[in-house]
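The values are calculated or read from the model by the stated rules, or taken from the named source; none is laboratory data. Nothing here was measured: the structure is a model prediction, and the numbers come from that model. FYI the Cβ positions are ideal-geometry reconstructions off the backbone, even for glycines, and counts take in every protein chain you see.
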Amino acid sequence: MPAWRLRDFHDDDLDQAIRVWDQSRHEDEPAPVFPISEVMAAARAKQPAVVAVVGHELVGMAVAHAQGERAWVLLVALAAHWRHQGIGSSLLAELERRLRAAGVRRISALLPDSATGATALQNSGFQARTGLTYYEKPEQTGADAGLLAAVGGRVMPSGLWDAVAGMEREKQIIERDIVLPLSEPELAGRYGVTPPKGVILFGPPGTGKTSFAKAVASRLAWPFVELFPSRLASDTSGGPAAALREAFTELAELVAVLLFIDEVEEIAAARGDLAITTGHGVTNELLKLIPGFREHDDRLLICATNSVRSLDPAFLRPGRFDYVIPIGPPDTAARTAIWQRYLGPAAGSVDLPRLVRASDMFTPADIEFAARKGAQAAFERELIHRDGKPATTEDYLTAIAGTRPTLTERTIRDFHEDIGAFSRM
């Protein structure tokens, strides 16, 4: 067989690493202690991770997580046709070398009985300890980490809801109509409130629709999966309708999920609209899939669009979406909160009300860009003068003047017309 070699894990090894992980598990093997999402997160966070490759093919991988003098081996995985070649022992030896060099004194591993890697651990001097019981409190979502990784999903960090600066009116509506019925389903049912299964967020570009969707997933502690219409359109195997059907089939395996589709008008435009790019088939397929998605508990579909008026009327009806919620440009209070968030330490040394007034037509994304641009100007000045002066109001006003607002008078006018014609909350 061709010779294999060891090297560091690279981020672009992710897909091959997941395949090797799948191949390394026996059919009747219990679930691993450390799910693949944790293992890949450790590897990408530069924890000790070594792979074995033959040419460009990844055939084995070992990952550890070190903390102080203790380290845990999270994974020893081998491609099915490369077992019993000594690769596992070599991976562990290289992993141990790196851990010892980092000051680790005790290296432990926790594997199901007869799991792949057990023999390599024994051959590498690890001793099995008996008489121990493993305790674990599982996640409430029950989501399968391997499947979640396969569909491109992730569990959002906690605290994203609080990080949505300003936008209090929108937060109150979403909290009241979406989050609370889903987080308290039994109480909601007692009062005849049916938790929502489908929501449309509409508004001008950059107003934070994606941020709200991620924040809801964080608030509910549900996995977040984003489906990209552009990828469906580029599918050449069975076409976008088949790709959409396959995506929904995979998602059905998850116990809980928040599915987010941004720019949904690309696959749900009015079927009489000649500008539609993906054809009527994908729109019809989506209309057929949504009712099935709604039949399951712990599921929420959030679609976002900049142009709610372009969506197919059948797509908008209440049987498919419970709420159609406008996410508008930030008002004065919201812009103040957003500036405070992105200014950081500079918030106390600048004229915040002047920045808020000067950014009247700015979206949250525009404010973030201007804040970064102002900070960059102060940073470059410090590189030259080294006088320790903080960023000034003028730095940020100059940045605001050089930022083209996303919003226009026409955009705002259309948005208010759409609120009257389409909003449902």
*What is the residue count in region 398-410 for residues that are within 29 Å of the chain's Cα centre (by Cα) and polar (S, T, N, Q)?*
2
*Among the numbered conditions (1) among the β-branched types (Val, Ile, Thr); (2) buried (at least 18 other Cβ atoms within 10 Å of the Cβ); (3) part of a loop (DSSP other than H, G, I, E, B), tell me where Val39 comes up short.*
(3)
*asked:* If I ask for residues that are surrounded by fewer than 10 Cβ atoms within 10 Å (Cβ to Cβ) and either of a type in the set (Lys, Arg) or on the phi < 0 side of the Ramachandran plot (or both), which ones from region 381-395 would you list?
replied: Leu383, Ile384, His385, Arg386, Asp387
*Among all residue pairs at least 6 apart or on different chains, which show Cβ distances below 9 Å where the first residue, located in region 291-311, is in the same structural domain as Pro195 (by TED's automatic domain parsing) and the second is at pLDDT below 90 and assigned to a strand (DSSP E or B)?*
Ser307/Ala269; Ser310/Ala269; Leu311/Ala269
_Need pairs with beta-carbon distance below 7 Å; first residue under 11 Å from Val73 (Cβ atoms) and within region 99-110, second part of a helix (DSSP H, G or I) and not charged (D, E, K, R); sequence gap 6+ or separate chains._
Ile107/Leu99; Ala109/Leu121
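Which of the residues belonging to region 145-169 are under 20 Å from the mean Cα position of the chain (by Cα) and part of a helix (DSSP H, G or I)?
Filtering region 145-169 down to residues under 20 Å from the mean Cα position of the chain (by Cα) leaves 145-165.
Correct list: Ala145, Gly146, Leu147, Leu148, Ala149, Ala150, Leu160, Trp161, Asp162, Ala163.
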*Can you tell which of Glu409, Glu417 is of a type in the set (D, E, K, R), at pLDDT below 95 and at negative phi?*
Glu409
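Report yes if some residue within region 13-20 is among the acidic types (Asp, Glu), closer than 18 Å to Gly88 by Cβ and in the same structural domain as Gly117 (by TED's automatic domain parsing); otherwise report no. Break it down stepwise before answering.
Keep residues of region 13-20 that are among the acidic types (Asp, Glu), which gives 13, 15.
Within this subset, residues satisfying the condition of being closer than 18 Å to Gly88 by Cβ are 13.
Now restrict to residues that are in the same structural domain as Gly117 (by TED's automatic domain parsing): 13.
Yes, some residue in region 13-20 is among the acidic types (Asp, Glu), closer than 18 Å to Gly88 by Cβ and in the same structural domain as Gly117 (by TED's automatic domain parsing).
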*Per-region count, region 78-115, residues under 24 Å from Leu132 (Cα atoms) and of a type in the set (A, V, I, L, M)*: 7
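Filter region 349-368 down to the residues that are free of Cβ contacts under 8 Å to residues at least 40 places away in the same chain and part of a helix (DSSP H, G or I), then identify the one that is nearest to the chain's Cα centre (by Cα). Quick ask: steps written out before the conclusion?
Going through region 349-368, the residues free of Cβ contacts under 8 Å to residues at least 40 places away in the same chain turn out to be 352-353, 356-357, 360, 367-368.
Restricting the remaining residues to those that are part of a helix (DSSP H, G or I) gives 352-353, 356-357, 367-368.
On the way: Leu352: 32, Pro353: 34, Val356: 30, Arg357: 33, Ile367: 23, Glu368: 20 Å.
Here the answer is Glu368.
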*Which residues, taken from region 310-340, are basic (Lys, Arg) and touching a helix residue (DSSP H, G or I) at 6+ places or on another chain (Cβ under 6 Å)?*
Arg320, Arg335
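Take region 111-136 and flag every residue that is assigned to a helix (DSSP H, G or I) and either touching an Asp or Glu at 6+ places or on another chain (Cβ under 8 Å) or touching a residue at least 12 places away in the same chain (Cβ under 8 Å) (or both). Outline the logic, then answer.
Residues of region 111-136 assigned to a helix (DSSP H, G or I): 118-123.
Listed by number, the residues that qualify are Thr119, Ala120, Leu121, Asn123.
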*Output the qualifying pairs, or none if there are none: Cβ atoms under 8 angstrom, residues six or more apart or on different chains, first residue in region 40-66 and assigned by TED's automatic domain parsing to the domain that holds Ala79, second residue at pLDDT 90 or above and acidic (Asp, Glu).*
Ala49/Asp8; Val50/Asp8; Val50/Glu94; Val51/Asp8; Ala62/Glu94
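Conditions tested, residue by residue: (1) hydrophobic (A, V, I, L, M, F, W, C); (2) within 26 Å of Gly328 (Cβ to Cβ).
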| residue | (1), (2) |
| --- | --- |
| Ala375 | yes, no |
| Arg381 | no, no |
| Ala391 | yes, no |
| Ala401 | yes, yes |
_From the list Ala346, Ala371, exactly one residue is outside the structural domain of Lys209 (by TED's automatic domain parsing), more than 19 Å from Gly206 (Cα to Cα), part of a helix (DSSP H, G or I) and of a type outside the set (Asp, Glu). Which is it?_
Ala346
*Test set (1) under 21 Å from Ala365 (Cα atoms); (2) modelled with pLDDT under 90; (3) among the β-branched types (Val, Ile, Thr) - Thr249 fails condition number*: (1)
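Can you tell which of Leu110, Leu75 is modelled with pLDDT of 80 or more, aliphatic (A, V, I, L, M), buried (at least 18 other Cβ atoms within 10 Å of the Cβ) and under 32 Å from the mean Cα position of the chain (by Cα)?
On the way: Leu110 fails: buried (at least 18 other Cβ atoms within 10 Å of the Cβ).
Matching residue, one of Leu110, Leu75: Leu75.
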